[in-house]
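The values are calculated or read from the model by the stated rules, or taken from the named source; none is laboratory data. What you see is a predicted model, and the numbers here were worked out from it, not measured in a lab. Every residue, glycine among them, receives a Cβ derived from its backbone with ideal geometry; neighbour counts consider all protein chains shown. Note: accessible area is taken over every heavy atom of the protein model, side chains too, but ligands, DNA and RNA are not part of it. Shrake-Rupley method; radii C 1.70, N 1.55, O 1.52, S 1.80 Å.
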Amino acid sequence: MENVKCECGHVNPYGTYLCESCGKPLKEEKGKLANMRYEGVARRSQTYKRSPIDRIWNFFSSVKIGISIIVLLLVTSSMGTLFPQEMYIPAGESPTLYYEQEYGLFGKLYYQLGFHNLYSSWWYMLLIASLGVSLVIASLDRVVPLYRALKTQRISRHEGFLKRQRLFGQTDSIANIDEEIDKAEKLLINKRYHVRKENGHILAEKGRFARWGPYVNHVGLIIFLIGGMLRFFPEMYLDEHIWVREGEQEVVTGTNGEYFLRNNNFLVELYDEEDEKYREALERTQQPVVKTYQTSATLLRRTSDGTIGSDTELEEVKDYEIRVNDPLTFEGFSLYQVDYKLNELSQFTFTLESDTVDADLSNIEFTVDLNDPQKTYEFDNGYRVEIMDYFPNFVIDDNGEPTTVNRIPDNPRIIFEVFPPGADEDEGEISLIGVRVNEALNGENDHVIRMSGVEMVDVTGLTIRKDRTLPIISLGGIIFMIGFIQGSYWHHRRIWIQNREGTLLLAGHANKNWQALKKDFQLISDNTHIPSPIDQTEKENEGVSQDDDSTK
């Protein structure tokens with residue numbers, strides 16, 4: 001594919017329709033107006049189609065393909081909102097069971113298709129990347145030749161170029177053409193046109209920057225997409241949940257074990273039922289309504305001193321009352337108050353009793369931490385109690401086997417084995433203990449484990465958020481809006497006035513808002529002897545109407 005040389009001497013890329021310099025039509029198409037969308041220059045996607053790279057380029061440069069990717073992204077994104085994403089289901093819940101139990105068959109299908117982690121799936125990321133590639137290629141395919149054509153355009157344009165403009169007129173009945181052109185030049189300068197003059201010809205141009213609006217828009221979108229994709233890197237974005245029991249401390253996710261949070265006290269405040277302002281509303285709800293809830297927390301930091309895992313290695317950084325919409329912030333992290341759970345089971349206290357054994361069991365009492373149970377409990381009188389198995393949230397699975405839904409002690413079951421003094425390892429008495437459950441599992445036992453006390457605790461639910469992508473996303477959004485405004489509220493206008501040996505040629509082009517361009521021509525016509533050009537599209541429509549009338 002060879003370049004095409006115009007009679008003006010300019011060498012144009014293969015496939016160019018109008019010479020980039022003088023505008024001469026390089027392809028003869030009688031009776032047709034010039035296609036000025038890209039100034040008649042050759043686009044790579046329309047000229048190179050042989051190699052695999054050309055086919056890939058042509059595929060992504062298509063506007064239809066770009067719109068199809070956007071539609072596909074919108075559809076898939078909306079499907080991800082049908083049910084909660086895995087990160088938003090209750091803490092400790094198994095997604096395998098949760099979606100089917102909560103949403104039935106559709107929930108099970110939703111999970112099996114991978115929609116529970118849709119926004120981090122490889123194929124969703126591939127769609128976003130494809131949209132970015134489409135924006136880049138489509139922009140380069142158009143902006144490069146357009147920039148080259150506008151930069152190299154001459155003041156003096158070929159007569160064929162002028163005649164193929166939508167607004168065109170010519171006259172040879174004007175005396176003192178040069179004086180009239182000078183008057184027109186001053187009028188256009190007053191209208192803030194950038195006027196260039198060559199050999200008595202005029203090119204007046206205004207608002208060229210509006211042509212770059214869509215491409216600035218694309219740059220903003222690309223930056224926005226990059227910011228969105230960076231959210232999948234932990235160092236750039238974090239959105240995690242932690243549950244901290246009252247009186248305990250947990251590591252702050254994302255800090256590599258450097259920071260901890262201690263829940264000193266959790267407070268829930270209800271609306272006063274005796275308050276006249278709220279009484280009527282509270283009577284309608286027939287249940288307490290939460291006014292606010294907060295966590296009195298202490299932020300701790302690991303020091304370089306002390307043994308890892310010990311309390312001495314943590315130093316207090318600051319105390320803070322974490323409320324809804326009033327997070328604790330530090331080093332780019334924010335801890336938001338989002339949830340709570342009152343009266344979660346924390347500890348069970350047990351005693352050992354027997355009606356058949358003649359032994360003093362009054363001193364046998366032990367406490368099981370339901371979040372971190374001890375494996376073995378030994379007593380001075382020789383008795384030993386072991387935990388064989390522990391199910392914090394007990395259920396029976398489809399195979400009839402005991403299992404746990406999660407590690408939260410909502411329905412705890414403990415299998416104990418009691419060894420009297422001198423008993424062999426295979427002589428233990430096995431029992432299943434839980435709330436209102438006490439069953440012997442290996443026949444009649446001589447000893448009974450009784451639950452004598454229950455301790456409960458309030459738990460606060462916090463969201464840990466770190467977002468370093470916001471500046472990037474914000475920058476992309478700002479650039480997008482600049483491009484949108486640039487392309488929407490301004491338009492590119494050009495006026496050519498040429499004196500060809502006593503014949504005045506007049507032409508104009510606008511990328512939009514032709515009425516504004518026509519008003520500018522009318523201003524010239526009102527203040528000079530230069531007539532306004534004719535809108536050739538209206539002339540063509542009149543000709544079609546006349547043909548239709550004659551046919552009738």
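How many of the residues making up the range 321-367 are among the charged types (D, E, K, R) and open to solvent by less than 30 Å² (accessible area, probe 1.4 Å)?
We begin by selecting, within the range 321-367, every residue among the charged types (D, E, K, R); these are 321, 323, 326, 331, 339, 341, 344, 353, 355, 358, 360, 365.
Those still in the list that are open to solvent by less than 30 Å² (accessible area, probe 1.4 Å) too: 344.
The number of residues fulfilling the criteria is 1.
Given the range 192-302, what strands (runs of 3 or more DSSP E) lie entirely inside it while holding 1 or more residues that are open to solvent by less than 80 Å² (accessible area, probe 1.4 Å) and closer than 30 Å to residue 73 by Cα? Break it down into steps so the answer makes sense when it comes.
Numbers: elements: 194-198, 201-206, 237-245, 249-251, 259-270, 290-302.
Per the criteria, 237-245.
Out of the residues in the range 142-156 that are surrounded by fewer than 20 Cβ atoms within 10 Å (Cβ to Cβ) and assigned to a helix (DSSP H, G or I), state the one that is nearest to the chain's Cα centre (by Cα).
Among them, the one singled out is 143.
What's the total number of residues in the range 33-55 that are surrounded by 14 or more Cβ atoms within 10 Å (Cβ to Cβ) and part of a loop (DSSP other than H, G, I, E, B)?
Total satisfying the criteria: 10.
Could you list, in sequence order, all residues of the range 414-451 that are within 24 Å of residue 362 (Cβ to Cβ), among the polar types (S, T, N, Q) and in a loop (DSSP other than H, G, I, E, B)? Write out each step before concluding.
Let us first name the residues in the range 414-451 that are within 24 Å of residue 362 (Cβ to Cβ), namely 414, 416-423, 427-431, 433, 438, 440, 444-451.
Right, trim to among the polar types (S, T, N, Q) and you get 431, 438, 445.
Correct list: 445 only.
Which residue is nearest to the chain's Cα centre (by Cα), if the candidates are limited to the range 370-399 and must be open to solvent by less than 50 Å² (accessible area, probe 1.4 Å) and of a type in the set (D, E, K, R)?
386
Sort through 406, 445 and tell me the only one that's under 45 Å from the mean Cα position of the chain (by Cα), surrounded by 15 or more Cβ atoms within 10 Å (Cβ to Cβ) and polar (S, T, N, Q).
Working: 445 fails: under 45 Å from the mean Cα position of the chain (by Cα).
Answer to the selection: 406.
Take the range 489-504 and flag every residue that is buried (at least 18 other Cβ atoms within 10 Å of the Cβ) and either more than 14 Å from residue 201 (Cβ to Cβ) or not aromatic (Phe, Trp, Tyr) (or both). Walk me through it before giving the result.
Going residue by residue through the range 489-504, those that are buried (at least 18 other Cβ atoms within 10 Å of the Cβ) are 490-498, 504.
Within the range 489-504, 490, 491, 492, 493, 494, 495, 497, 498, 504 meet the criteria.
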